[in-house]
1. Go through segment 69-86 and count every residue that is touching a Phe, Trp or Tyr at 6+ places or on another chain (Cβ under 8 Å) and at pLDDT 95 or above.
2. State all residues of segment 129-143 that are free of Cβ contacts under 8 Å to residues at least 12 places away in the same chain and in a helix (DSSP H, G or I); if no residue qualifies, say none.
3. Kindly establish whether Asp58 is touching a residue at least 60 places away in the same chain (Cβ under 8 Å) and open to solvent by 60 Å² or more (accessible area, probe 1.4 Å).
4. Condition check: without any contact (Cβ under 8 Å) to a residue 60 or more places away in the chain, under 30 Å from His30 (Cβ atoms) and not in a helix (DSSP H, G or I). Does Gln91 satisfy that?
5. Do the conditions hold for Trp163, that is, is it open to solvent by 50 Å² or more (accessible area, probe 1.4 Å) and either in contact with an Asp or Glu (Cβ under 6 Å, 6 or more places away or on another chain) or in a helix (DSSP H, G or I) (or both)?
6. Name the single residue, out of those in segment 102-128 being in contact with a helix residue (DSSP H, G or I) (Cβ under 6 Å, 6 or more places away or on another chain) and either polar (S, T, N, Q) or outside any helix (DSSP H, G or I) (or both), that is farthest from Ser156 (Cα to Cα).
7. Tell me which residues, restricted to segment 144-170, are touching a residue at least 60 places away in the same chain (Cβ under 8 Å) and aliphatic (A, V, I, L, M).
8. I'd like the full set of residues that are in contact (Cβ under 8 Å) with a residue 24 or more places away in the chain and surrounded by 15 or more Cβ atoms within 10 Å (Cβ to Cβ), limited to segment 94-115.
Amino acid sequence: MERPVAVSVRRSPSLPDYNTSTSTLAFDQHFTTTLKGILLQAEIICGMLVWILVGGTDYFHLPALCWVMFLSILFWILTVSLFIIYLTGVQNRIPQVPWTTLSLCINCIATALYLVTAVVDALSVNQDVRGRHNYNCWAASAFFAFLTTLCYAGSSYLSYRTWKTTEEEQ
């Protein structure tokens, strides 16, 4: 029988431990608790409910609901993108983009178009028989569309205040 050989490993105390992480993305932990962050989260959740509720029905028979789907998904993607940009602090690393003006434009356009979408969604509810699946989903999506409109209006107001402050400083 052979005996196991013990090998001693010696660490060199002169070598410092380096952090090998190469991530350059920052994460603003407090952004989600600000009013802007809360409104963006509400827009994402309510907007997602709008297109999920409409998407789970036979919406493609009504061109008005196709408009609702298009607009709700478009602004949902834009809002998720803005949320990620603000959460990771990209707006601080790319100062060439006028982020306050961009945010103001997106929010104002979203408010106006989502209001039209919410009205179209609400008017489309009576295209089906009350109590059926399509009717219930379309009614719920109309409610969340109006709620999303209010969230975008709040974000528009905050964006306007931020834009006005930055314009006065220049």
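The values are calculated or read from the model by the stated rules, or taken from the named source; none is laboratory data. Predicted model, so just to flag it, every value in this text is computed and none were measured. Cβ coordinates were reconstructed from backbone atoms using ideal geometry, including for glycine residues, and neighbour counts include every protein chain displayed. Quick note on the areas: whole protein, heavy atoms, side chains included, nothing else; ligands and nucleic acids left out. Shrake-Rupley method; radii C 1.70, N 1.55, O 1.52, S 1.80 Å.
1. 6
2. Tyr135, Asn136, Phe143
3. Considered against the rule, which asks whether it is touching a residue at least 60 places away in the same chain (Cβ under 8 Å) and open to solvent by 60 Å² or more (accessible area, probe 1.4 Å), Asp58 comes out as yes.
4. No; evaluated as a whole, the condition is false for this residue.
5. Yes: the conditions hold for Trp163.
6. Among them, the one singled out is Asp128.
7. Passing the criteria: Ala145, Leu147, Leu158.
8. Initial filter on segment 94-115 (in contact (Cβ under 8 Å) with a residue 24 or more places away in the chain): 100-101, 103-104, 106-108, 110-111, 113-115.
Within segment 94-115, Thr100, Ser103, Leu104, Ile106, Asn107, Cys108, Ala110, Thr111, Leu113, Tyr114, Leu115 qualify.
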